[in-house]
Amino acid sequence: MKIINLGLIGFGTIGSGVVKVFQDKAALLERSLGVTLRLKTICDQDILSSRNVTPANTALTTDVNAVLHDPDITIVIELVGGIHPAKEFIIEALKHKKFVVTANKALLAEEGEEIFKTARENGVAVYFEGSVGGGIPVIKVLREGLIANDVEDVFGIINGTSNYILTQMSQEGCDFKTALREAQKKGYAEKDPSLDINGVDSAHKIAILAQMCFGQRVNLNDIYVEGIQDISLHDIRYADELGYVIKLLAIAKRRSRDIQIRVHPTLIPKDHIMRSEER
């Protein structure tokens, strides 16, 4: 059976999770794909600390070129996060004719134009399903299933942390700070949750979706962004009395040649499908 070698850059919490998936789902992936995926090399600044998974038959290195310049590696998985040096790693991988998989929403929203241009010039592709929606295959649907459709509007709840906090406030009657602490305790919120609660994470995601739907470059500075950090329990209760719940929506609309993109808390009728309390 054909073997496809992969290289992983970034062996933190998410990287460790990817390695575990490869280990636990190896047989399933092989049956489904008809090829063997072999994680050949993992690169990270720290290769000495213990993780919750031990890579088998995989080289560990601190030299990123061992992944980027290895002619036997076909696919590079970038899990460094942030803009730099993640962008430089991806560009270098693409120039070496390697396919790239990333969930780096901030990078794609801000530097996606150059990255996708480099991919096209080198006859490879960037796959980023995990950057928006997690387990929801929205990227694949837009890239393939709806490729011949004219999309006029795309909107939704695309940040789980904010949705959990607002749900807790609504269901449990707790204030914002209490709901946030509970989200952090349960692992729904990062230690520094600022990008989630101030709406920037949603802005990154809706920028990616808008560019895919409308084919126009989106400048993040042009997106109106308002988070949930100022939502009080009083707001939640007042909305409830009026028959609404408060949700953080990301909205993109195309009208003729103009596009409108914004992120902000929104009143949603209680009988609306997006009112669902599923987390």
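Details
- Across the chain, the relative contact order, built from alpha-carbon pairs under 8 Å that are at least six residues apart, equals 14 percent.
- Relative contact order for the range 157-258, counting Cα pairs under 8 Å that sit 6 or more residues apart, in percent: 36 percent
- Taking trypsin sites (Lys or Arg not before Pro) across the range 206-252, the ones in a DSSP loop with at most 14 further Cβ atoms lying within 10 angstrom of their Cβ are Arg217.
- GNM flexibility winner over the chain from Arg120, Arg51, Arg31 (Cα, springs under 10 Å): Arg31
- Placing a pseudo-label 7 Å from each Cα along the Cα-to-Cβ vector at Glu114 and His234 gives an inter-label distance of 4.7 nm.
- Pairs beyond 31 Å (Cα-Cα), from Lys87/Lys253; Lys40/Lys140; Lys98/Lys253; Lys20/Lys191; Lys20/Lys105: Lys98/Lys253
- FRET efficiency, Asn65 to Met1 (Cβ-Cβ, R0 30 Å, nearest 0.05): 0.55
- Computed about its Cα centre, the charge dipole of the chain is approximately 680 debye, with only Lys, Arg, Asp and Glu carrying charge at their Cβ.
- Prolate/oblate/rounded call for the range 175-279, Cα gyration tensor, a/c under 1.5 rounded: oblate
- Protection proxy ranking of 90-97, 110-117 - average other beta-carbon atoms within 10 Å, highest first: 90-97, 110-117
- Correct choice for P(r) over Cα pairs in 10 Å bins from 0, in percent that was computed from the model, options [x] 7, 25, 27, 19, 13, 7, 1, 0; [y] 6, 25, 30, 24, 12, 2, 0; [z] 7, 28, 31, 21, 11, 2: [y]
- In a fully extended conformation the segment linking Lys95 and Ile147 would gain 16.1 nm over its present Cα-Cα distance, using 0.36 nm per residue.
- A Förster distance of 30 Å, applied to the separation of the beta-carbon atoms of Thr36 and Glu88, puts the FRET efficiency at 0.50.
- Working note: 222 nm ellipticity from helices only, DSSP H runs with n ≥ 4, each -39,500 (n - 2.57), summed and divided by the residues of the chain, gives -11000 deg cm²/dmol to the nearest 500.
Since every read-out is calculated from the coordinates, none of them should be taken as a lab result. These figures come from a predicted structure and were not determined experimentally. When we count neighbours, we look across all protein chains shown, and the Cβ atoms used for this are built from the backbone with ideal geometry, even at glycine.
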